[in-house]
Each structure stands twice: as structure tokens, then as C-alpha cells.
Amino acid sequence: MFMKGKKGLVVGIANNKSIAYGIAKAVADQGADLAFTYLNEQLEKRVRPIAKELGSDKVYKLDVNNDEELKSLEGLISKDFGKIDFIVHSVAFAPRSALDGRFIDTERKAFDIAMQTSVYSLIALCKACENVMNDNGSVLTLTYLGGPKYIPHYNIMGAAKAALESSVRYLAVDLGNRGIRVNAISAGPIKTLAASGIGDFRSILKWNEVNTPLNKNVTINEVGNSGMYLLSDLSTGVTGEVHYVDAGYNIMGMGAIDKDENNKTIMKWDKIR
């Protein structure tokens, strides 16, 4: 078992359809001992059954924008584990109003909320756990193609994901002298609670399915297995990277083409929509 003896913290799991759940299940299946966090009482009711399912009774309240709760993490982890080997950061938020319309109309308050919650939270989490992380550990966060590329209805989250990916590289250098790796997974679109806030998401899913080299969308299990690799000792030579798990969509320069009944070249999307 690749994760036997490893201990880790999973931050931001929402339900059993979350990408973070796929990662948590993959590492738990490989022997990892986990602790989980929840934002509020409503989410606590979802997180505790997941923790129990995955063999954990370690569940902490954590608002990543609350400095006092971040400071308390070190003591909680030290008490329950001594030290941990990995962190999964699955936290992102922007006001719905900042995801539609023109990006140029983004309000300062919405910008600050998105950047604090989606980007600074990774930096703050690494800092809060720095003293209780074992050397040669691993930190993993979740990003999306909307960071380096334009994606409709993504707007401020695109800017936030770009900043998150840059933060991954800088954190990788800061923590690299202890052998701690920092990486990101850029997953293809998946029906999650977070994705429900993105406009026209069904069309985005279908477009990706049609235009990926593998002709499908990815699952949380597929992303979870890649996450397990990046959190395990299988990836000790990998840091500061954005690993795409999107059925190859990110390599495409234009939409996939096909032939119609008259053998005429058409866009594959036109054939099925």
C-alpha cells in the first residue's frame, strides 16, 4: 500500500461528489490516516460521515479566512498525529455575481474575497502547518484550465486560479529545502458543488466530452488516483507542477473535427449538439 503509515489533512471536502473526496478515498484506500476540516455546522453534518467512512474520527472546524482557527491547527494536528505527511487544499470561492458578465466589471470586494479564499488560503495553510509537517512531505491543491486560459463564466476565478498556480511554484521553492513538494492538479470539469455556481455548466461538460482526445469527461476517482500519486513517495521528484487530469483537453488547439453523412469535414460539436 503506497500510503501506509502516512498521515494527512484534507481541507475543503464538501460531500462525496467532491474532487477532494476522490483524493481522500484514494489515499485512504492505500493506507493513509486522515484528518478533515469543515467550515460550519451545515458542512460538519456532511464531513463527519465521510470521515467515518474513511476510517477517521479527526474532524476540525476551520475557516481558512480565520487566523485564530488557522493558528489552532498546529495544536490539533500535534495532539492527534504528532506530525503529518501531506495536505490536500480544496478551497475556492467567489461571489456568484463575479462569475458572470464582463470581467472588467469585477468589484473590488468580490476580487478580495476570491483571492483571499481561493489563493491566500493555500499560503496560510502551509504556514500554519509548517511546523507539524514531516520532511519530504507533500502539499496538493486544485486548480482549473480557467487559470491559464479563458473559460466562459469563470471570470474572477480564472484570475484566482492563475494566482494559485503561481503560488504553488513559490511555495515549492520555500519548502523544497525540507523535501516538501507542492503541486496542483488541474482537473477537467466535474459535476461538483463548486461547479454548480458556473453558468451553462452542462454545455461546458458536453463540449469537453466531445473535444477531449479520450472522448470523455474525467471522474473524481481518476483525479483521486492522480492525487494519490502526487501525495505519495511515488512522486518524490515532482514539485511546483500543474498536473492536468482532463482526458487531454488542455492539449487541444481547436475543437475536434469529424465527418458528416456526406463525408464533409465538420466540427464534432456541430454533429451532436
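The values are calculated or read from the model by the stated rules, or taken from the named source; none is laboratory data. No experiment lies behind these values; they were computed from the predicted model shown. Note that we place each Cβ from the backbone using ideal geometry, even for glycine, and neighbour counts take in every protein chain shown.
Odds and ends about this structure:
- Restricted to region 149-255, the set of helices (runs of 4 or more DSSP H) holding at least 3 residues that are in contact (Cβ under 8 Å) with a residue 12 or more places away in the chain and more than 22 Å from VAL11 (Cα to Cα) comprises 201-211.
- Every residue from region 99-116 that is surrounded by 15 or more Cβ atoms within 10 Å (Cβ to Cβ) and either over 28 Å from ASN66 (Cα atoms) or under 20 Å from the mean Cα position of the chain (by Cα) (or both): LEU99, PHE111, ILE113, ALA114, MET115, GLN116
- Close pairs (6 angstrom Cβ cut-off, 6 or more residues apart or separate chains): surrounded by fewer than 16 Cβ atoms within 10 Å (Cβ to Cβ) in region 1-23, assigned to a helix (DSSP H, G or I) and among the basic types (Lys, Arg) anywhere: ASN15/ARG46
- Answer residue from region 33-42, given it is out of contact with any Ser or Thr (no Cβ under 9 Å at 6 or more places or on another chain) and in contact (Cβ under 8 Å) with a residue 24 or more places away in the chain and is farthest from MET228 (Cα to Cα) among those: LEU39
- Some residue of region 153-166 being over 14 Å from TYR120 (Cα atoms) and of a type in the set (Phe, Trp, Tyr): yes
- Residues in region 163-208 that are surrounded by 15 or more Cβ atoms within 10 Å (Cβ to Cβ), among the hydrophobic types (A, V, I, L, M, F, W, C) and at pLDDT 90 or above: 11 in all.
- Among the residues of region 77-104, the ones that are assigned to a helix (DSSP H, G or I) and in contact with a helix residue (DSSP H, G or I) (Cβ under 9 Å, 6 or more places away or on another chain) come to 6 in all.
- Search result, residues across region 62-87 that are crowded, with 22+ Cβ neighbours inside 10 Å and among the aromatic types (Phe, Trp, Tyr): PHE86
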